[in-house]
1. Can you pull out every residue in the stretch 164-177 that is closer than 23 Å to residue 64 by Cβ and either open to solvent by 10 Å² or more (accessible area, probe 1.4 Å) or more than 22 Å from the chain's Cα centre (by Cα) (or both)?
2. Taking the stretch 109-124 as the region of interest, how many residues are of a type in the set (Phe, Trp, Tyr) and within 15 Å of the ligand (Cβ to nearest atom)?
3. For residue 344, state whether it is in contact with a helix residue (DSSP H, G or I) (Cβ under 7 Å, 6 or more places away or on another chain), more than 30 Å from residue 619 (Cβ to Cβ), surrounded by fewer than 24 Cβ atoms within 10 Å (Cβ to Cβ) and of a type in the set (S, T, N, Q).
4. If you check residue 457 against the conditions, is it among the polar types (S, T, N, Q), more than 22 Å from residue 576 (Cα to Cα) and either open to solvent by 10 Å² or more (accessible area, probe 1.4 Å) or touching a Gly at 6+ places or on another chain (Cβ under 9 Å) (or both)?
5. Confirm whether residue 489 is more than 31 Å from the chain's Cα centre (by Cα) and open to solvent by 40 Å² or more (accessible area, probe 1.4 Å).
6. Within 16 Å of the ligand (Cβ to nearest atom) and either touching a Pro at 6+ places or on another chain (Cβ under 9 Å) or at pLDDT below 95 (or both): which single residue out of 403, 372 fits that description?
Amino acid sequence: MLITPGKLLAQINSPADLKTLDQVQLVQLCEELRQFIIDNVSVYGGHFGASLGVVELTVALHYVFNTPYDQLVWDVGHQAYGHKILTGRRDQFHTNRLYGGLSGFPKRSESPYDAFGVGHSSTSVSAALGMAVASRYLKEDDRQHVAVIGDGAMTGGIAFEAMNHAGVSDTNLLIILNDNCMSIDPNVGALKDYLTDITTSRTYNRIKDDVWKLLGKLSTFGKSAQEIVSKIENGIKSTLLSQSNFFESLNLRYFGPVDGHDVDHLVTILRDLRNIKGPKILHCVTVKGKGFAPAEKGNATTWHAPGTFDKISGEIHQKTHDAPQPPKYQDVFGHTLVELAKANDKVIGITPAMPSGSSMNIMMREMPDRAFDVGIAEQHAVTFSAGLATQGLVPFCNIYSSFMQRAYDQVIHDVCIQNLPVNFCLDRAGLAGADGATHHGAYDLAYFRCLPNMIVSAPMNESELRNLMYTAQLPRQGKAFSIRYPRGQGVLINWRTPMEQIEVGRGRKLRDGEDIALLTIGHVGNYALEVCDRLARKGVSAAHYDMRFVKPVDEALLHEVFTRFKKIITIEDGCMQGGFGSAVLEFMADQNYQAEVRRLGIPDRVVEHGEQAELHRECGYDPDGIERVVTEMLVSVSRPL
Ligand SMILES: Cc1ncc(C[n+]2csc(CCOP(=O)(O)OP(=O)(O)O)c2C)c(N)n1
């Protein structure tokens, strides 16, 4: 269903159309853009508060800069809905995040206005700096490069690395710090305190006013503008040295803080900044959820991505069910961790900026001194956990599977090589759904399986998750322990089962059979069970093995499988290259077994967004896909073995 845009917005099919508006019309355009986002997200879901917070900034940026020649990089990209709508995608916006529809994040293949693909945070400054250095090299001196980065995303190490580099680069780079004091949850750390200080500091604001007065005159000064800027800069520097502005100390000219909701003022400022050469940062203060009262006044974390809601009352639609539902895996993790921590005073929880998303917030509420949100800092989260482990504590470091990619060297260098017993809980493992390619937890089984001193496991249901967590906190000599589970619900209504130890490396046979064996890892085991039932009704006898561990793999069970079956299917919600199926094939080759083995999992290509079930179907490992392969294998005449 197409949502009708307001009168001005209806005329805007590109930034060129936007530029035909009078500056005084921008306030109304902002109102219409905001309403269009509210109308769409309330019906179709998606990220919400962040896009509302940058409406004015988005309009001002496309009004002032010559996009796509000037390059605009959004950090994370969950706030880029307004950008998409203004850059030719208004009439497809109702397909946002749906299977086959627009991506929820900027994507180079989707539009020339999407200068850089994003989804994971803190990359914008590096990417925009790369573009700026390329422009300088290519002698495109008129080209501008803008990175818009939130205060949350700025807590990520790569953002600091990029600013450290940018400060010594002679490039047309403008960093816009979109400071709303929020990450998904309230932002954390010393940088947040610093930004609050600088925003409220009286000295700072007085200097800022002086600077803007002078800057306002820039255009009148024509050629000598740069000279004036240097004077201003020196003025700022000498006064600020006593205040030691963090960004200035990195050699980035700092401007602000400014009201990020005053579109008129933003246009004026951006025009001025466009004329100032060199790397610079504009500090904008905004409100997440701006212009939608329930989001502005309510819980910003809830309104980060609220699902569908009533746009008048602000009531968030809750799914209603006739029967009780199984919990989300993340909640089982959160509650179980607290249970374990109560019994074992060495247990510590760590999350890099995902307290709500991982349900670590349950422990943060109950045991605030034993659970840490370290900011969007996956690398730090892993090495910090390693440090805790050296002192005999038992860290449970919870990181989404796709975000763990960030911290791979830390896992190898700081954890595995030193053989430290750190526990990794990887949420959102497997195809993650509407967030799409950047957020699929496709690779962890493969990227962890090749590491020494690493246990790689996946529970098939909530009770198994609890048992694996229980096992992971028992004293052991070294070895990291990873437990991966998917986004969304488990399968058990009564999930608070008593916890028991699982022998590391021991799988289980859940169904015996004669004709074919299905070997699974993790939650997709439930698909296999369903398929076994369907096949039984057709007179086909399939066995099902839930292997639980990809490493160490249960060799005794695999000997049984390869001795008894000549037709075997491996199923995983992970990449086929190097994952669970590969482990089974390696075993077969090493042990000189011969069998017809088909692997099901994520193929060697980028899988886009959609509902998880749709994507499982696309990749052929939903129950129908599995059944189809069983049928093919059973009717096919195998090549002689
Ligand atoms: C590497 C990485 N870790 C975690 C996330 C999850 N995440 C998405 S948005 C977000 C908060 C971003 O905060 P901020 O940059 O301040 O933007 P805001 O939503 O406040 O506008 C987080 C933690 C991510 N996208 N990438």
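The values are calculated or read from the model by the stated rules, or taken from the named source; none is laboratory data. Here the structure is a predicted model, which means the values were calculated and not measured. Because the Cβ atoms are built from the backbone with ideal geometry, glycine has one as well, and the counts that use them run over all protein chains shown. Note: areas computed on protein heavy atoms with side chains; ligands, DNA, RNA excluded. Shrake-Rupley method; radii C 1.70, N 1.55, O 1.52, S 1.80 Å.
1. Correct list: 166, 169, 170, 171, 172, 173, 174.
2. Going through the stretch 109-124 one residue at a time, the tally reaches 1.
3. Values: in contact with a helix residue (DSSP H, G or I) (Cβ under 7 Å, 6 or more places away or on another chain): yes; more than 30 Å from residue 619 (Cβ to Cβ): yes; surrounded by fewer than 24 Cβ atoms within 10 Å (Cβ to Cβ): yes; of a type in the set (S, T, N, Q): yes.
Answer is yes for this residue.
4. So residue 457 does not fit the description; no.
5. Values: more than 31 Å from the chain's Cα centre (by Cα): no; open to solvent by 40 Å² or more (accessible area, probe 1.4 Å): yes.
Criteria not met by residue 489.
6. None of the others qualify; the one that does is 403.
Each row is one residue, and each column tells you yes or no for (1) farther than 18 Å from residue 415 by Cα; (2) part of a loop (DSSP other than H, G, I, E, B); (3) without any contact (Cβ under 8 Å) to a residue 12 or more places away in the chain.
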site	(1), (2), (3)
455	no, no, no
459	yes, yes, no
486	yes, yes, no
493	yes, yes, no
499	yes, yes, no
503	yes, yes, yes
509	yes, no, no
518	yes, no, no
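Here is a yes/no grid of residues against (1) more than 26 Å from residue 612 (Cα to Cα); (2) within 27 Å of the chain's Cα centre (by Cα):
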site	(1), (2)
441	no, yes
444	no, yes
456	no, yes
466	no, yes
471	yes, no
495	no, no
514	yes, no
519	no, no
